[in-house]
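Working notes for the structure below.
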Amino acid sequence: MCRVFHEYPHHIITCVMTINTTLQKNMILKAVITCAGIGSRLLPFTKELPKEMAPVFWQDNGTVNVKPLIELIFEQMYDESIREYCFITGRTKRTIENHFTPYSASNHNHSMKSFYEKLCNSKIFWVT
């Protein structure tokens, strides 16, 4: 269970990994993804774009695809049956939260459909 305790002005996060002993021992059910740094070592690239939103290119069946790094990480964890996520972001990382907002699904294209379906089947907590 992931519980977030708010103590103004700081946030204290307590996350507990749940183990389902009847199905599979040590099965990870929740993920905490830290993406709060400013990316100073990647300047000037990170001046306009958070490092977690850096584009990753790959070729599949003769077509070149591109996705943000954080989306690829999310999808890989989703494929491993993780359905609860706690993103720890900085106050300037609104781009990441916007990308993971399911309401954008009404304007999605075909390539984003599976991503938005995964978002709708997941529980996402944001801590800034």
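No lab work stands behind these numbers, since they all come straight from the coordinates. Keep in mind that this is a model prediction, so the values were computed, not measured. Neighbour counts run over all protein chains shown; Cβ positions are idealised from the backbone, glycine included.
Conditions (1) hydroxyl-bearing (Ser, Thr, Tyr); (2) in contact with a Pro (Cβ under 9 Å, 6 or more places away or on another chain), marked per residue:
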| site | (1), (2) |
| --- | --- |
| Ser81 | yes, no |
| Glu84 | no, no |
| Thr89 | yes, yes |
| Thr95 | yes, yes |
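In segment 51-100, how many are of a type outside the set (Ser, Thr, Tyr) and either surrounded by 16 or more Cβ atoms within 10 Å (Cβ to Cβ) or in a helix (DSSP H, G or I) (or both)?
Within segment 51-100, the first condition is being of a type outside the set (Ser, Thr, Tyr), and the residues that meet it are 51-62, 64-77, 79-80, 82-84, 86-88, 90-91, 93-94, 96-100.
Adding the requirement that they be either surrounded by 16 or more Cβ atoms within 10 Å (Cβ to Cβ) or in a helix (DSSP H, G or I) (or both) leaves 51-53, 67-77, 79, 82, 84, 86-88, 93-94, 96-100.
Going through segment 51-100 one residue at a time, the tally reaches 27.
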